[in-house]
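Here is the structure we will look at.
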Amino acid sequence: MSLDTSSVVAWLTDFASVIHDNADLLTDLDREIGDGDHGSNMDRGMKAVAELESASFPTAADYLKKIGMTLVSTVGGASGPLYGTFFLRVGTAWGDAASAEDLGKALRAGLDGILARGKAEVGDKTMVDALTPALAAYDEHASEGIEAALNAAALACAAGRDATIPLVARKGRASYLGERSAGHQDPGATSVTFLIEAAARSLA
Ligand code: ADP
Ligand code: MG
């Protein structure tokens with residue numbers, strides 16, 4: 001079994017529809033501690049991704065890299081380059097994603113790209129706070145197969161997202177608020193949880 005372009009299409013189609021349905025929620029969260037554009041930014045980017053002609057890419061890896069470039073050029077804000085880097089790196093490390101370990105390595109490469117680009121650490125109240133425990137849980141369950149690993153990752157991602165609520169932001173726009181950023185859920189941690197939940201539904 002390997003994850004081909006149609007698997008990636010299923011993942012990104014699911015994610016695009018959840019982003020669309022939750023664009024107002026993401027924008028409201030971003031209005032509380034940012035500038036209120038995360039939902040519209042992500043919805044615009046995922047619409048552009050949905051318009052890509054997936055069949056025109058020779059491999060799933062090529063398609064993933066194009067998704068990354070599309071997100072860089074359409075999402076904007078802090079999250080556009082971060083999401084873009086994630087998919088560029090996932091694509092570069094994808095291979096044919098034949099095993100749970102392979103998929104884990106690709107997702108890990110994506111997170112490493114976000115860390116290299118954004119320089120956030122766990123506890124800074126960003127998407128990194130959700131993705132880091134998600135990938136740790138994935139690795140812990142990878143020997144049980146892709147479905148078990150992704151389900152564990154989705155649960156850990158959601159817990160990491162919830163854990164951003166009491167945190168004081170140290171990166172991104174929310175950090176301008178200082179202590180006043182505490183008590184609000186991070187929008188980027190919320191959208192990456194939708195991404196991992198979509199993977200658990202569609203790639204498993
Ligand atoms: P902007 O803040 O430029 O308006 P968005 O609203 O689209 O961009 O995205 C905000 C989200 O980006 C935050 O909720 C946070 O999760 C994420 N973010 C911001 N800066 C960083 C960073 N340096 N590293 C990781 N994630 C970040
Ligand atoms: Mg914003």
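The values are calculated or read from the model by the stated rules, or taken from the named source; none is laboratory data. Owing to the predicted nature of the structure, the values given are computational and were not obtained by experimental measurement. Using ideal geometry, Cβ is built from the backbone for each residue, glycine included, and neighbour counts are taken over all protein chains shown. Surface accessibility is based on the protein's heavy atoms, side chains included, excluding ligands, DNA and RNA. Shrake-Rupley method; radii C 1.70, N 1.55, O 1.52, S 1.80 Å.
Out of 164, 190, report the one residue that is within 16 Å of ligand 2 (Cβ to nearest atom), within 16 Å of the chain's Cα centre (by Cα) and outside any helix (DSSP H, G or I). Working first, answer last.
Numbers: 190 fails: outside any helix (DSSP H, G or I).
Going through 164, 190 in turn, just one is within 16 Å of ligand 2 (Cβ to nearest atom), within 16 Å of the chain's Cα centre (by Cα) and outside any helix (DSSP H, G or I): 164.
For the list (1) within 14 Å of ligand 1 (Cβ to nearest atom); (2) in contact with a Gly (Cβ under 6 Å, 6 or more places away or on another chain), I need the number of the one condition that residue 29 fails.
Of (1) within 14 Å of ligand 1 (Cβ to nearest atom); (2) in contact with a Gly (Cβ under 6 Å, 6 or more places away or on another chain), only one is false for residue 29: (2).
Looking at the range 135-154 only, could you name the residues that are among the hydrophobic types (A, V, I, L, M, F, W, C) and out of contact with any His (no Cβ under 9 Å at 6 or more places or on another chain)?
Within the range 135-154, the subset among the hydrophobic types (A, V, I, L, M, F, W, C) is 135-137, 142, 146, 148-150, 152-154.
Matches in the range 135-154: 135, 136, 137, 142, 146, 154.
Looking at (1) within 28 Å of residue 48 (Cβ to Cβ); (2) open to solvent by 10 Å² or more (accessible area, probe 1.4 Å); (3) in a helix (DSSP H, G or I), can you tell me which one residue 126 breaks?
Evaluating residue 126 over (1) within 28 Å of residue 48 (Cβ to Cβ); (2) open to solvent by 10 Å² or more (accessible area, probe 1.4 Å); (3) in a helix (DSSP H, G or I) leaves (3) as the failure.
Being free of Cβ contacts under 8 Å to residues at least 12 places away in the same chain and either open to solvent by 80 Å² or more (accessible area, probe 1.4 Å) or among the β-branched types (Val, Ile, Thr) (or both) is the filter here, so list the residues in the range 1-60 that pass it.
21, 31, 51, 53, 58
Give the residues of the range 82-98 that are open to solvent by 40 Å² or more (accessible area, probe 1.4 Å) and of a type outside the set (A, V, I, L, M, F, W, C), sorted by residue number.
Residues satisfying the conditions are 89, 92, 95, 96.
In the list 136, 116, 148, 154, which residue meets the criterion of being closer than 27 Å to residue 20 by Cβ and not hydroxyl-bearing (Ser, Thr, Tyr)?
154
Tell me which residues, restricted to the range 153-204, are within 25 Å of residue 99 (Cβ to Cβ) and β-branched (Val, Ile, Thr).
Passing the criteria: 192, 193, 196.
How many of the residues making up the range 11-52 are within 17 Å of the chain's Cα centre (by Cα), of a type outside the set (A, V, I, L, M) and away from ligand 2 (no atom under 16 Å from the Cβ)?
We begin by selecting, within the range 11-52, every residue within 17 Å of the chain's Cα centre (by Cα); these are 11-23, 25-27, 29-30, 37-50.
From what is left, the residues that are of a type outside the set (A, V, I, L, M) are 11, 13-15, 17, 20-22, 27, 30, 37-41, 43-45, 47.
If we keep only those that are away from ligand 2 (no atom under 16 Å from the Cβ) as well, we get 11, 13-15, 17, 20-21, 47.
Matching residues across the range 11-52 total 8.
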